[in-house]
1. How long are the three semi-axes of the equivalent ellipsoid of the stretch B:1-67, in whole Å, if each is the root of 5 times an eigenvalue of the C-alpha gyration tensor, listed from largest down?
2. Go ahead and set up a Gaussian network model of chain A, Cα springs under 10 Å, then flag whichever of A:D76, A:D144, A:D132 fluctuates most.
3. Please get the size of the charge dipole for the stretch A:4-161, origin at its Cα centre, with Cβ charges of +1 on Lys and Arg and -1 on Asp and Glu, quoted in debye to the nearest 20.
4. State the dimensionless ratio Rg/Rh of chain A (Rg: radius of gyration of Cα atoms; Rh: Kirkwood radius).
5. Just to be sure I understand: with springs between alpha-carbon atoms less than 10 Å apart, which residue in A:L124, A:L49, A:L145 has the highest mean-square fluctuation in the Gaussian network model of chain A?
6. Would you list, by chain and number, the aspartates and glutamates whose Cα falls below 18 Å from the Cα of B:K109, excluding same-chain residues fewer than 8 positions away?
7. So how strong a dipole does the stretch B:5-199 carry about its Cα centre when Lys and Arg Cβ are +1 and Asp and Glu Cβ are -1, to the nearest 20 debye?
8. Can you work out the PRE-style zone for A:V38? Point 7 Å along Cα to Cβ, and I want the residues of the stretch A:73-101 with backbone N under 16 Å.
Amino acid sequence: MSQLIVVGISDYKFAKEPEVIVTYALGSCVGVCLYDKVTKIGGLSHVMLPDSTSFSAKDINRKKFADTALVDLVQDLKRAGVGNNRMVAKIAGGAQMFEVQPGSKLGAIGERNIICVKQALSQLRIPIIAEDTGLNFGRTQYFDLATGTMKIQSLNRRIEEF
Amino acid sequence: MFNNYEELSDMQIDVLREIGNIGAGNAATALATILDEKVDMSVPSVKITGFDEAVQALGGAETMTVAVLVNFSGDGNGMIMFLLNVEDAKSIMDILIGEDDSDELSEMKISGIKEIGNILGSSYVNAISALTGLNIHVSVPYIAIDMVGALMSVPIIEFGAIGDKLMFIEENFNGETNDLKSNMIMFAEINTLKIIMQKLGLEI
């Protein structure tokens, strides 16, 4: 097996088969896998915040936000040879790690991230074909570019493949 | 003028460090009271560090960790997260509540940890109040046991707008029968940091 390509928080990486990309311990962040099964090229974006528009545009890290990171990753994937209409998405994360009182904004971050990732993907016309989001636990997300499989590992839970 | 943690001057970081020191002192006193024994503490290490470095210092992103989170608000706003390795959490609760055979933390032990996290969090907030005269109060504590990277993403997301650095306080409490290594991360809104600095007579 090849070396794992590790994606940190507020970052994305892309590669081609037989590589495996991983992002560790997604909490309220959302991990987005984009894949083209023809070229077997794909990318994984570890999105931290829903929306960049409330921040001053000049010095934001575009890889941090759902609305900017996914646009950029799609551009990079197209440059790497991925066809326009072939990309599909698998997403994971967006958990509510702490059980807080209803109405607390603390509990809503994961959900907001999921909503904004879905909006961004819909604007990019990329269908979501698998999803393991929400609930209250952390997830490590593996993305195998040979098969396009997303594998989710959590503490005290069975490994799930999508 | 600073707009995120990266832009703090050395002197401003020293102020945060001092708050960390006083907070740790308060925390040691509080722990001694709960454990009913003398608790010494090491000089805490207070660092302004990146997310990844802090996660590595805690054993790596997937390490199973107990986290207690408290919000503070009032004249100053922010969040404090107290992080404890599961083994340490078990052994301190064995002393407080009594040993059991289970590998899991019982409900009772979990609420004990939550209370200790609450007391430690309050110790730091009281340090800020005492130094600055600001009126700050803490929320009820929230607890979760999961991968440390996933837990720490919660405050970093909440304060993601003020940069990717956080204040990381590492401290050893040495009791007569048990040692406890505590890690805390503290986030304050940038305006709160400015108010703290101003109150202490530093230029911002």
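The numbers here are math on the coordinates, done by the rules we state, and not lab data. Since this is a predicted model, take the numbers as computed values, not measurements. Cβ coordinates were reconstructed from backbone atoms using ideal geometry, including for glycine residues, and neighbour counts include every protein chain displayed.
1. Semi-axes from the Cα gyration tensor: 26, 20, 9 Å.
2. Top of the fluctuation ranking is A:D76.
3. Here the size comes out at about 240 debye.
4. Working: Rg = 15.0 Å, Rh = 15.6 Å.
The Rg/Rh ratio comes out at 0.96.
5. A:L124
6. In chain and number order, the partners are A:E99, B:D36, B:E87, B:D88, B:D94, B:E99, B:D100, B:D101, B:D146, B:D179.
7. On the way: 10 positive and 30 negative charges, 167 e Å.
With only Lys, Arg, Asp and Glu charged at Cβ, the dipole is about 800 debye.
8. A:77-89
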